[in-house]
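Visitor: Quick one: the structure is below, and I'll ask about it shortly.
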């Protein structure tokens, strides 16, 4: 299979959909990912883009009165068109109209004989009665999301754009960390082992292993959060920067699990999310993705 043929097939694969990856029609294309580094890099970027668009579109909520507004608009335009048609003078020698929106057979034959003259009904067609308008609107929204510039720290871009495509847990933790200054830790201690023992004694998730990049740092304290009926624990470390290690039990984690470690930026913070055995872990620090240590 050629490189371009594989691309065409891989474009059909939906992000995070395991059924697509097991599709026999795509098997040969997926096999090329193991030997073609360029194709693999393209596919990962394509999947990330598709996931971003999908998540952003799923986050859009239609106004509660949208349906009623559309129906009211349709009735209004229909009434206006009918009134105009009823008041329009009839051409001399032509048959009378049988209904406000329907021309007589004589007019229909005349229109078919002169295709360059559009019928009055087609010229009066409202924009909302043309289905291609809705399709174009969907693509317009997707393009806006795809090419919207990423929010730099300190800017005042709308939250709906800045947070588009981020996992809900990342948005949740970003807000909790911002409010951490005003709340007390469940326990303060410079020894991480004392904090992990405290979490275990309180039936809260405790990391089975602390990443090497944090193991030599002194800790500050720990705190727990309730997230979608699941318990999250966070241990904070300080070594110049403050690092937050969040742990959740894989069995009770409520969101979709990532297939591989993933990096995110939310407001002025960077996050790395990954699965470690039977636990889900998130490491975050104020800064950008480049400030997240490489340890996985």
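Visitor: Six or more apart or on different chains, Cβ atoms under 8 Å: show the pairs whose first residue is in the range 56-69 and modelled with pLDDT under 70 and whose second is in a loop (DSSP other than H, G, I, E, B).
Guide: 59/164
Visitor: Another question about this same structure. I need the full set of residues from the range 284-296 which are part of a strand (DSSP E or B) and more than 15 Å from residue 176 (Cβ to Cβ), in order please.
Guide: none
Visitor: As an exercise: evaluate residue 204 against (1) out of contact with any helix residue (DSSP H, G or I) (no Cβ under 9 Å at 6 or more places or on another chain); (2) more than 30 Å from residue 17 (Cα to Cα) and give the number of the one condition it does not meet.
Guide: Condition not satisfied by residue 204: (1).
Visitor: Restricting to the range 220-262, give me the number of residues that are out of contact with any strand residue (DSSP E or B) (no Cβ under 9 Å at 6 or more places or on another chain) and either crowded, with 20+ Cβ neighbours inside 10 Å or assigned to a strand (DSSP E or B) (or both).
Guide: Total satisfying the criteria: 1.
Visitor: Before we move on, is residue 9 assigned to a helix (DSSP H, G or I), modelled with pLDDT of 85 or more and either in contact with a helix residue (DSSP H, G or I) (Cβ under 6 Å, 6 or more places away or on another chain) or assigned by TED's automatic domain parsing to the domain that holds residue 170 (or both)?
Guide: yes
Visitor: Failed condition for residue 32, given (1) loosely packed, with under 14 Cβ neighbours inside 10 Å; (2) over 25 Å from residue 257 (Cβ atoms), with all others met?
Guide: (1)
The values are calculated or read from the model by the stated rules, or taken from the named source; none is laboratory data. Quick caveat, the model's predicted, so the values are computed rather than measured. Every residue, glycine among them, receives a Cβ derived from its backbone with ideal geometry; neighbour counts consider all protein chains shown.
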